Each structure stands twice: as C-alpha cells, then as structure tokens.
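The values are calculated or read from the model by the stated rules, or taken from the named source; none is laboratory data. Everything numeric in this text was worked out from a predicted model, so none of it was measured. Positions of Cβ are generated from backbone atoms using ideal geometry, with glycine treated the same way; all protein chains shown enter the neighbour counts. All accessible areas refer to the heavy atoms of the entire protein, side chains included, with ligands and DNA or RNA removed. Shrake-Rupley method; radii C 1.70, N 1.55, O 1.52, S 1.80 Å.
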Amino acid sequence: QRVRIRSLREETRALILEQSLYLDLRDQPRDPRSGAYVGVGLQESGFGGVSSWDYIRVTAEARGYIPLPLGIVLAMRFGIGATFILGSYGLDPDNVYDLAGLGPFSQQLTGGGPVSNRGFPAGFMGDVERREIQTRPTPDGVELRAPVLVSGGVRRWEASIELRIPITPEIGLAAFIDAGDVTRQLYFRFDHPQIAVGGGLRLHTFIGTIRLDVAGRPAELQVFGESSLPPVCVNNEQVNCRPSPVVFDWFGGAGFPGAVHITLGEAF
C-alpha cells in the first residue's frame, strides 16, 4: 500500500503465507439442509523484514445444519479468530490507523455485515472508533478532513443460530440471533456479545438465494457487566467515539439500532 500523505496512511508491504483446511459434510454447499462444516485458516507474515509486520493469524469456524419437519432447517455457526503481532518495521505506533498493532488493512479481523453479525453494517461490530484526520497547515489555517473509521481488531468471535422456514419452493422466511465481538485487546470478550435479533426473506433462484435481512440490537443484550467498548457517538461530527448505526430513520424518525442487508447467498 502506497503512502497517502493527506489521509495519513503509511506505506506498507506484506508477504503472506496462508494455509487452509476444511471438512465439508453438508448435503449441498449453496443451500445446506443437513450436515456440518469445519474450517481452519492460518497466516504467517514477516520473513526478516520483507513485510512491514511479523504476525500470525489463526481463524476457525464450525457450522451445523439440522433438518426439522415441514422442510424447516435449524442452522448454527460459531467462529473465532486471533492475530498475534510479533513486531513491525518502520510503522508509527501512534498513527491514527494503528497499523503497527492491527496488521494489514485487508487482513484485520472485523465483524458485522450480511455474513457476520447482521445487527451491524460490515466493519461496525466491536471496538470500532471514528478518529479525526488533520491535514498539514494551509494558508487559511488547519484543514479538517472527514473522520476515518478504525474497525480492525486482533481478537474476534461470532455465533449465529437461524431457523429457515420454507413457504414455497422459491420463497422462504428466516428468524435468527447473531452475536459476536471484535476487540483490539489481547483477549476475547465473551461478556460483550452485542446480540442482534432479526428476520429475513429468502428468494431461491437459479443464481442462488437472494436474501433480505433486518436485525435490531436490544440495548440490554449488548454487554453483560461493565463495558469496555468505545463511547457511542452522539452525532455524525463527533470523533474518538463509536458509531451506532440505526435503521428506519429515513423519514425523520428516531429509528432503532440495527441494520438492513440485501445480498446473494445464505449467511452461512
């Protein structure tokens, strides 16, 4: 990644070795109705300064599908991941993006989105923080740039349970509960489940399942005990805080914390 002075991005490079192992016992991969799936991924980067980091990343996921009467399917998933930054080369530990501690943008652990915790847009789950970028001084003073969203972490876990209910061969409904967390701390926060509850519509076509999901985040199910999440932003201009996306506020209403997703393919 080339340097971008105006946005304060550092120049970085990464040479990565990656291995993956999976066992797929599902009856069909696109629309599974029974069986199980287990996958493990491993990354290594470094090699004596060829990369901007020495790091190891481990991810794992397990899925299960239980057929029920009337064509109903109970689908379950649990995933976990950890990045171990062993060292960095030439990176500023105080840079706004915290690349020295989080690793390459494309390989950082993030959460939220249509195949993750559906109560959040992609990248908005966990220790997400909106930070200010301040450019170099200009003749008119200091020019403020739009804030940037720092959403990567070094520990992540996710869990989902979904009930898939067929209405016709082409149309189905779903009800689901998603949970998970992404943190920049060096431990897993299972007491920060950030639970989302929702439902969706499924349209089965020859190109795959077209999926509409709507999920909300009940306040009492976000953190059990004392929260270590960044404070919630109270407006779109505030920085050093965590955005809290809402849905159904398009016509001036208050909306509620949650997200809407339209995508192709099942969540898992």
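In this calculation the C-beta distance from LEU212 to ILE56 is compared with R0 = 30 Å, giving a FRET efficiency of 0.20. Count Lys and Arg as plus one, Asp and Glu as minus one, and take only other residues whose Cβ is under 10 Å from that of VAL182; the net charge is then +1. For ARG57, the solvent-accessible surface with a 1.4 Å probe is about 40 Å², rounded to the nearest 10.
Using a 10 Å cut-off on Cβ atoms, rank the peptides 220-229, 105-114 from the highest mean neighbour count down.
Packing proxy ranking, top to bottom: 105-114, 220-229.
For the pair GLU44 and GLU220, a Förster radius of 30 Å applied to the C-beta separation gives a FRET efficiency near 0.15, rounded to the nearest 0.05.
With semi-axes defined as the square roots of five times the eigenvalues of the C-alpha gyration tensor, the equivalent ellipsoid of region 26-83 measures 37, 10, 6 Å, largest first.
Roughly how much of ASP94 is accessible, in Å² to the nearest 10, using a 1.4 Å probe? Rounded to the nearest 10, that gives 130 Å². Structure remark: mean-square fluctuation, Gaussian network model of the chain, C-alpha springs under 10 Å; the largest value among ALA179, ALA219, ALA82 belongs to ALA219. When you restrict to C-alpha pairs under 8 Å that are six or more residues apart and normalise by the size of the chain, the relative contact order lands at 15 percent. Taking θ as phi - 60° and the Karplus parameters 6.51, -1.76 and 1.60, the scalar couplings of region 88-99 work out to 9, 10, x, 9, 7, x, 9, 5, 4, 8, 6, 5 Hz in sequence order, x denoting glycine and proline.
Sorted by accessible area (1.4 Å probe), largest first, how do VAL247, VAL260 line up? Mind showing how you got there, number by number?
Details: VAL247 5, VAL260 60 Å².
So, going from the largest accessible area down, we get VAL260, VAL247.
For PRO166, the shell of other residues with beta-carbons less than 11 Å away shows a net charge of +1, using +1 for Lys and Arg and -1 for Asp and Glu.
With a Förster radius of 25 Å applied to the beta-carbon distance between LEU70 and ILE262, the computed FRET efficiency rounds to 0.40. Contact order, relative form, for region 51-198: 23 percent (alpha carbon pairs under 8 Å, 6 or more residues apart, mean separation divided by residue count).
Taking a sphere under 11 Å around the Cβ of PRO243 and counting the other residues whose Cβ falls inside, with K and R at +1 and D and E at -1, yields a net charge of +1.
Using Cα-Cα distances under 8 Å and only pairs 6 or more residues apart, what relative contact order does region 128-231 have, in percent?
Normalised by residue count, the contact order of region 128-231 is 20 percent.
One quarter of the convex hull surface, Cα atoms only: what value does that give for region 206-268 in nm²?
Working: hull surface 26.9 nm².
So the Cα hull casts an average projection of 6.7 nm².
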